[in-house]
Amino acid sequence: MTHPIETDALIVGAGPVGLFQAFELGLLGIKTHIVDALPHTGGQCIELYPDKPIYDIPGTVATTGRQLVASLLEQIKPFGTGFHLNRQVNAFARQADGRFLVETTAHSSASRSFLTKTIFIVAGVGAFQPKKLTVPGLDAFVGKQLFYHLDGEADFAGQKVILVGGEDTAVEAAIQLASSDAVNVTLLHRRDVFKAEPGKLDAMRSLIATGKLQLCIGQITGFEEKNQQLMSLQVTDVDGKPAPLSVDTLLVLQGLSPKLGPVGEWGLAIERKQLTVDTEKFQTSEAGIFAVGDINTYPGKKKLILCGFHEAALASFAAAAIVFPDTPTILQYTTTSTVLHQRLGVVHENKQ
């Protein structure tokens with residue numbers, strides 16, 4: 001049995017606020033690991049608006065979700081934060097020494113546990129889960145021929161790939177795959193209407209016009225298998241006519257939907273599917289478990305990234321009292337504190 005990973009703080013959620021939470025904890029010398037259900041960092045910033053401008057990040061005239069996440073990842077590099085992506089947090093149990101044993105699972109790998117002094121739930125509006133196909137029996141091929149995320153290292157050379165979806169992520173993936181002459185790609189959507197940036201739509205239409213990308217309008221209503229191998233899909237068009245469509249790999253990118261998930265079963269106080277917190281520590285009804293960002297609620301709550309940053313700072317100081325119970329936490333400034341400079345890896349030139 002694998003021993004649990006021991007840490008001072010476990011952050012559930014790798015969106016912008018979760019990443020900044022790791023920064024604030026790192027400044028206070030608190031060792032941190034991050035778990036996220038998605039296979040990449042960035043949360044809804046990357047999933048919903050990676051390239052759209054954001055205008056209300058302090059000190060930044062304009063940035064995109066992608067740029068913001070990249071900056072936050074760069075900012076926390078000095079702290080060596082551990083990342084555990086594509087992993088769902090399931091349950092926790094308070095131990096005799098006051099720490100939490102947290103269990104996590106992943107679809108394609110073994111379960112993993114963490115032994116942590118504090119937990120930070122920074123999961124936005126919940127853990128994002130892919131919108132799945134509802135065709136009976138298809139789940140048997142998940143992880144084999146059916147995938148709900150595009151793995152950047154996946155090799156589809158020589159394969160017939162059916163890509164299902166009509167939003168930005170699906171359009172971008174279709175362009176990426178169709179740009180390779182070694183892959184036979186068909187984009188399948190229920191109607192010939194796609195939601196994506198104009199430039200991406202133009203690129204998609206150009207690939208369709210040149211025959212590098214096939215377009216199929218309809219919905220999957222059945223499938224054929226042979227020797228436990230997915231062979232073809234039954235696609236029904238807008239007129240109700242079914243037709244077979246051969247397939248080697250089925251990639252479904254229909255978007256994501258947030259779900260509170262197992263956190264909703266942890267016995268924490270909840271109001272309208274959000275965790276209630278105080279505004280001094282941003283602690284939940286369970287001591288040592290904090291909720292920051294869109295997942296929490298309190299009087300006057302505003303769902304803004306900058307508000308999440310503020311909450312992360314206060315929650316970090318509250319956690320420091322738990323992690324270092326015998327050491328008073330002193331407010332220090334990054335402009336002048338040599339301790340913070342050491343933690344950040346700031347190098348000072350020797351004065352003559």
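Residue under question is Tyr333, and the condition is that it be surrounded by 14 or more Cβ atoms within 10 Å (Cβ to Cβ), among the aromatic types (Phe, Trp, Tyr) and at pLDDT 95 or above; does it hold? In short, no.
Scan the range 279-308 for residues that are among the acidic types (Asp, Glu), surrounded by 14 or more Cβ atoms within 10 Å (Cβ to Cβ) and modelled with pLDDT of 95 or more and the total you get is 1. Exactly one condition in (1) within 21 Å of the chain's Cα centre (by Cα); (2) polar (S, T, N, Q); (3) in a loop (DSSP other than H, G, I, E, B) is not met by Thr104; state its number. Looking at each condition in turn, Thr104 falls short on (3). Do we find that Thr169 is assigned by TED's automatic domain parsing to the domain that holds Ala321 and not aliphatic (A, V, I, L, M) in this structure? Considered against the rule, which asks whether it is assigned by TED's automatic domain parsing to the domain that holds Ala321 and not aliphatic (A, V, I, L, M), Thr169 comes out as no.
Scanning the range 107-141 for residues that are at pLDDT below 90, of a type in the set (A, V, I, L, M) and assigned to a strand (DSSP E or B) yields one hit, Ala127. Within the range 247-294, the residues that satisfy the criterion of being under 21 Å from Pro16 (Cβ atoms) and in a helix (DSSP H, G or I) are Gly261, Val263, Gly293, Asp294.
Based on what the data block shows, is Glu280 charged (D, E, K, R), in the same structural domain as Gln21 (by TED's automatic domain parsing) and touching a strand residue (DSSP E or B) at 6+ places or on another chain (Cβ under 6 Å)? Judged against the criteria, Glu280 is not a match. Leu73: in contact with a helix residue (DSSP H, G or I) (Cβ under 9 Å, 6 or more places away or on another chain), modelled with pLDDT of 95 or more, in the same structural domain as Ala319 (by TED's automatic domain parsing) and of a type in the set (A, V, I, L, M, F, W, C), yes or no? Against the criterion (in contact with a helix residue (DSSP H, G or I) (Cβ under 9 Å, 6 or more places away or on another chain), modelled with pLDDT of 95 or more, in the same structural domain as Ala319 (by TED's automatic domain parsing) and of a type in the set (A, V, I, L, M, F, W, C)), Leu73 qualifies. Scanning the range 299-316 for residues that are over 21 Å from the mean Cα position of the chain (by Cα), part of a loop (DSSP other than H, G, I, E, B) and at negative phi yields Pro299, Lys301, Lys302.
The values are calculated or read from the model by the stated rules, or taken from the named source; none is laboratory data. Bear in mind that the values here come from a model prediction, so they are computed numbers and not experimental data. Please note: Cβ atoms are built from the backbone with ideal geometry, for glycine as well, and neighbour counts cover all protein chains shown.
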